[in-house]
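Input: a single structure, listed below in structure tokens.
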Amino acid sequence: MALSATLALILMGAFFTLFSYDLEDAIFDRLVATAANGRADDAGMAPQAATLGMKTYVGHTSLPPWIGDALPVDTPGGEHEVFTLEHGHFHVAVRPDAAAGPTRYVVFDTTELTSTTRHLRRTSGLLLASALLALLGAAGLSHVVARRLSHPLEQLVAQVRSDTPPRTEGVVVTEVHALAEALSVRDARIQALLERERAFNRDASHELRTPLAVAQGAVEILERDPPTDAETFGRLRKAVHHMGLLTEGILWLARAGRSDESCGLVGISREMVALYGDHLSHGDVELVIEAEAEVFAPLPGSVARVMLGNLIKNALAYTSQGRIVIHIVPEGWSISDTGVGFGRGEPEHAGFGIGLSLVERLARRFNWTMSISTLEPHGTKVRLAWPS
């Protein structure tokens, strides 16, 4: 608004100056034209005094040299403005004789009257002070308007950042009131969607727990007298265990609030490698855990088993040969492999499945960050980081 006021003042000053000069010229031309039209001197008459110091000249030769040089003999009739460096500023009315006689010239010396520029210089201080006062007034008005608009906006931003529903009470600015109402409606819709999702996750987890408990009990009974097909029984036992981890992860998504629990990532990583790394014994894939000491992260152990277990399981599924490296430092946990990369494996392994999606959602649930990058010439790296 201050810039707009400054520009408006500059334009207004420019237009006012141009208008002053144009009005001045128009007045002088009208005065000299009136004097010329109201006086009919005879041809050859000497210069005559006229109103306001005007002089009438008959014939081009009678003109002063500085005016005669500016107005040729064939100058058409009308009013003309003549500027000279040494003799001043003149307005001349040219009236040719209808009977081919000498042309009559009415000369108006306006040198002393054209003091607009000097007057502007003398009053420049007043103009500058007026401009500064106008700018201060515009700045004050803009400040009042800006505060009237920004204060409710700042309150609205604070409410949104604090995860509290936007309040429309007391908001007098129409636009901000409409924005607060729109945000309130959207917030209510999002909360309803989140609540439905939590309810579904909670109900699904509880419903899965009953058949999962039956399956786990059956596995424990079979462990007392293992069946002859040990490989099939091993797959069944691990599948039941994996289902238990997934159920626990889904149940955590339905819980509200934060958890103060922490867990050791090195120990859980080794546990998950022992659970899913059966084919490592064939020598096709080498898996290495790089860690100087146990690293504790702000995460419940059951959630860490879901997240790390699914990432380790994915890396093993997409790596048929080569190397898998789990790197654990106090700043984060990462796993790198030399496999074909997520989504580019065999048809039976295509897609991420619920496991990786669950890891991403659990990471967001606990304010962790998860990044997936491609390694050259082939391979994938997944990194998890938690708030410091």
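Within the option set Arg305, Arg224, Arg235, being in contact (Cβ under 8 Å) with a residue 24 or more places away in the chain and either under 22 Å from Thr380 (Cβ atoms) or among the basic types (Lys, Arg) (or both) holds for one residue only, Arg305.
Yes or no, residue by residue, for (1) at pLDDT 90 or above; (2) in a loop (DSSP other than H, G, I, E, B); (3) of a type in the set (A, V, I, L, M); (4) touching a Lys or Arg at 6+ places or on another chain (Cβ under 6 Å):
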position: Ala46; (1), (2), (3), (4): no, yes, yes, no
position: Thr61; (1), (2), (3), (4): no, no, no, no
position: Trp66; (1), (2), (3), (4): no, no, no, no
position: Gly101; (1), (2), (3), (4): no, yes, no, no
position: Glu112; (1), (2), (3), (4): no, yes, no, no
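In the stretch 327-338, the condition of being closer than 30 Å to Arg198 by Cβ, crowded, with 21+ Cβ neighbours inside 10 Å and either modelled with pLDDT of 90 or more or of a type in the set (D, E, K, R) (or both) is met by at least one residue. Check off (1) at pLDDT below 75; (2) open to solvent by 30 Å² or more (accessible area, probe 1.4 Å); (3) outside any loop (DSSP other than H, G, I, E, B) for Ala5 and give me the number that stays unchecked. All conditions are met except number (2).
Suppose the filter is modelled with pLDDT of 80 or more and aliphatic (A, V, I, L, M); does Met54 pass it?
On the way: modelled with pLDDT of 80 or more: yes; aliphatic (A, V, I, L, M): yes.
Considered against the rule, which asks whether it is modelled with pLDDT of 80 or more and aliphatic (A, V, I, L, M), Met54 comes out as yes.
Cβ separations smaller than 6 Å between residues 6+ apart or across chains give the following pairs from the stretch 166-192 residues that are hydrophobic (A, V, I, L, M, F, W, C) to residues that are surrounded by 11 or more Cβ atoms within 10 Å (Cβ to Cβ) and modelled with pLDDT under 70: Ala180/Pro166; Ala180/Thr168; Ala180/Val171; Leu183/Pro166. Every condition in (1) open to solvent by 90 Å² or more (accessible area, probe 1.4 Å); (2) at pLDDT 70 or above holds for Ala129 except the one numbered (1).
If you filter the stretch 79-99 down to residues that are in contact with a Lys or Arg (Cβ under 9 Å, 6 or more places away or on another chain) and farther than 16 Å from Ile27 by Cβ, you find that the one that is modelled with the lowest pLDDT is Asp97.
The values are calculated or read from the model by the stated rules, or taken from the named source; none is laboratory data. Keep in mind that this is a model prediction, so the values were computed, not measured. All Cβ positions, even for glycine, are placed from backbone atoms using ideal geometry, and neighbour counts span all protein chains on display. We work out accessible area using only protein heavy atoms, side chains counted, and drop any ligands, DNA or RNA first. Shrake-Rupley method; radii C 1.70, N 1.55, O 1.52, S 1.80 Å.
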